[in-house]
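Q: This structure is in structure tokens; I'll ask about it shortly.
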Amino acid sequence: MDQNRRAFLKQSTRYVLLTGAATVAWEYIVAGAPEQAPNYRIADHWWGMTIDVDACIGSGNCVRACKEENNVPLEDGYFRTWVERYRVDPADPEHPLVDSPNGGYDGFPQIDNPGGRFKTFFVPKMCNHCADSPCTQVCPVGATFDSPDGVVLVDKERCVGCRYCVQACPYGCRFIDPRTHTADKCTLCYHRITQGLTTACAEVCPTGARKLVDFKDPKDPVHEFLRTHRIHVLKPELATGAKVYYNGLDGAVR
Ligand code: SF4
Ligand code: SF4
């Protein structure tokens, strides 16, 4: 590994403290030799997430935990995950009212729903870690890449801040970090999951609406979940290979 790459790895720990196996896994991945990473068998995993819309209560715990865990700028407009509230009028389902004050960071104020006329629900959103990710395809310098265990990551040393990926993501999941001028987004808490932990958002969810899943683990409850629920992904018509699977997703959600 060259000196620049080493310097990057040191610098990246200023923002997300990578320790133990995670440091090692990341180091080997960005060096282009993931199969050589000790303590973490990359080929054994294929990560994703399930979100149960029926279970989400809009607490905002996940948004706060994500910002703290990943040192995301606290200002409004910078989110690795956020929560949207939908209010659907059955007489006009094509035009739902959607709000997400400060990404749901502070929870949601009460809204009027006279006579229970509107269907209301919360939809947590995040990077879908697409298997055919549009963001990866447009990056001119290879800074955005797919890790072999199914996580889309950004090498901040390579990123030139051109914003192509921000524009290419059809889900609005990326932003340019104003401190580093490089692309940022959910890493599926890569520094945690490579150490056997779950993501920060899933850990604090009071209802278990969000769950980290490993599709390669035959014992992962995700397999039963997929069999027994009506599962959807966001914008399926785009065929991005999104790996965040939703239960209870209303047709009004875009
Ligand atoms: S959701 Fe957006 S940022 Fe995430 S992998 Fe897909 S295209 Fe890329
Ligand atoms: S902003 Fe960075 S990661 Fe995104 S396309 Fe440009 S160089 Fe690649």
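Q: From the list 159, 169, exactly one residue is within 12 Å of ligand 1 (Cβ to nearest atom), of a type outside the set (Asp, Glu) and touching a residue at least 24 places away in the same chain (Cβ under 8 Å). Which is it?
A: Every option except 169 fails the conditions.
Q: Now for a different question. For residue 136, work out the one condition from (1) at negative phi; (2) near ligand 2 (Cβ under 8 Å from one of its atoms); (3) touching a strand residue (DSSP E or B) at 6+ places or on another chain (Cβ under 6 Å) it doesn't fulfil.
A: With (1) at negative phi; (2) near ligand 2 (Cβ under 8 Å from one of its atoms); (3) touching a strand residue (DSSP E or B) at 6+ places or on another chain (Cβ under 6 Å) applied to residue 136, the lone miss is (2).
Q: Can you give me the number of residues within segment 135-170 that are among the β-branched types (Val, Ile, Thr), within 17 Å of the chain's Cα centre (by Cα) and under 20 Å from residue 34 (Cα atoms)?
A: 5
Q: Something else now. Looking only at segment 188-197, how many residues end up being surrounded by 22 or more Cβ atoms within 10 Å (Cβ to Cβ) and either within 15 Å of ligand 2 (Cβ to nearest atom) or at positive phi (or both)?
A: Of the residues in segment 188-197, 2 are surrounded by 22 or more Cβ atoms within 10 Å (Cβ to Cβ) and either within 15 Å of ligand 2 (Cβ to nearest atom) or at positive phi (or both).
Q: Filter segment 211-238 for residues that are under 30 Å from residue 161 (Cβ atoms) and crowded, with 16+ Cβ neighbours inside 10 Å and give the result.
A: Selection gives 212, 233, 234.
Q: Separate question: Can you tell me which residue in segment 37-66 is most open to solvent (accessible area, probe 1.4 Å), limited to those that are part of a helix (DSSP H, G or I) and closer than 21 Å to residue 144 by Cα?
A: Filtering segment 37-66 for residues that are part of a helix (DSSP H, G or I) and closer than 21 Å to residue 144 by Cα, the one most open to solvent (accessible area, probe 1.4 Å) comes out as 43.
Q: Further, regarding this structure: Just checking, how many residues over segment 174-183 are in contact with a helix residue (DSSP H, G or I) (Cβ under 8 Å, 6 or more places away or on another chain) and more than 6 Å from ligand 2 (Cβ to nearest atom)?
A: Total satisfying the criteria: 3.
Q: Let me ask something else. It is to be established whether one or more residues within segment 155-165 are outside any helix (DSSP H, G or I), of a type in the set (A, V, I, L, M, F, W, C) and crowded, with 20+ Cβ neighbours inside 10 Å.
A: Yes, there is a match, as at least one residue in segment 155-165 is outside any helix (DSSP H, G or I), of a type in the set (A, V, I, L, M, F, W, C) and crowded, with 20+ Cβ neighbours inside 10 Å.
Q: Which members of segment 102-146 meet the condition of being among the small types (Gly, Ala, Ser) and either surrounded by 19 or more Cβ atoms within 10 Å (Cβ to Cβ) or not in a loop (DSSP other than H, G, I, E, B) (or both)?
A: Answer for segment 102-146, where residues must be among the small types (Gly, Ala, Ser) and either surrounded by 19 or more Cβ atoms within 10 Å (Cβ to Cβ) or not in a loop (DSSP other than H, G, I, E, B) (or both): 103, 104, 115, 116, 133, 143.
Q: Restricting the search to segment 79-101, which residues are under 30 Å from residue 151 (Cα atoms), open to solvent by less than 70 Å² (accessible area, probe 1.4 Å) and in contact (Cβ under 8 Å) with a residue 12 or more places away in the chain?
A: Hits for segment 79-101 are 79, 80, 81, 82, 83, 84, 85, 86, 99, 100.
Q: Would a scan of segment 58-71 turn up a residue that is among the hydrophobic types (A, V, I, L, M, F, W, C) and over 15 Å from the mean Cα position of the chain (by Cα)?
A: no
Q: While we're here: Being within 16 Å of ligand 1 (Cβ to nearest atom) and either surrounded by fewer than 16 Cβ atoms within 10 Å (Cβ to Cβ) or assigned to a loop (DSSP other than H, G, I, E, B) (or both): is that true of residue 201 here?
A: Spelling it out, it is not the case that residue 201 is within 16 Å of ligand 1 (Cβ to nearest atom) and either surrounded by fewer than 16 Cβ atoms within 10 Å (Cβ to Cβ) or assigned to a loop (DSSP other than H, G, I, E, B) (or both).
Q: Also, I was wondering about something else. Anything in segment 168-184 that is part of a loop (DSSP other than H, G, I, E, B) and either closer than 14 Å to residue 242 by Cβ or of a type in the set (Asp, Glu) (or both)? List them, or say none.
A: 169, 170, 171, 172, 173
Q: Among the residues of segment 140-163, is there at least one that is hydroxyl-bearing (Ser, Thr, Tyr), within 15 Å of ligand 2 (Cβ to nearest atom) and out of contact with any strand residue (DSSP E or B) (no Cβ under 8 Å at 6 or more places or on another chain)?
A: no
Q: Cβ-Cβ below 7 Å, separation at least six or inter-chain, first residue in segment 194-210 and without any contact (Cβ under 8 Å) to a residue 12 or more places away in the chain, second open to solvent by less than 40 Å² (accessible area, probe 1.4 Å): which pairs?
A: none
The values are calculated or read from the model by the stated rules, or taken from the named source; none is laboratory data. Everything numeric here is computed off the predicted structure, so don't read it as measured data. So basically every Cβ, Gly included, is an ideal-geometry build from the backbone, and we count neighbours across all protein chains shown. Surface areas here come from the heavy atoms of the whole protein model, side chains and all, with no ligands, DNA or RNA. Shrake-Rupley method; radii C 1.70, N 1.55, O 1.52, S 1.80 Å.
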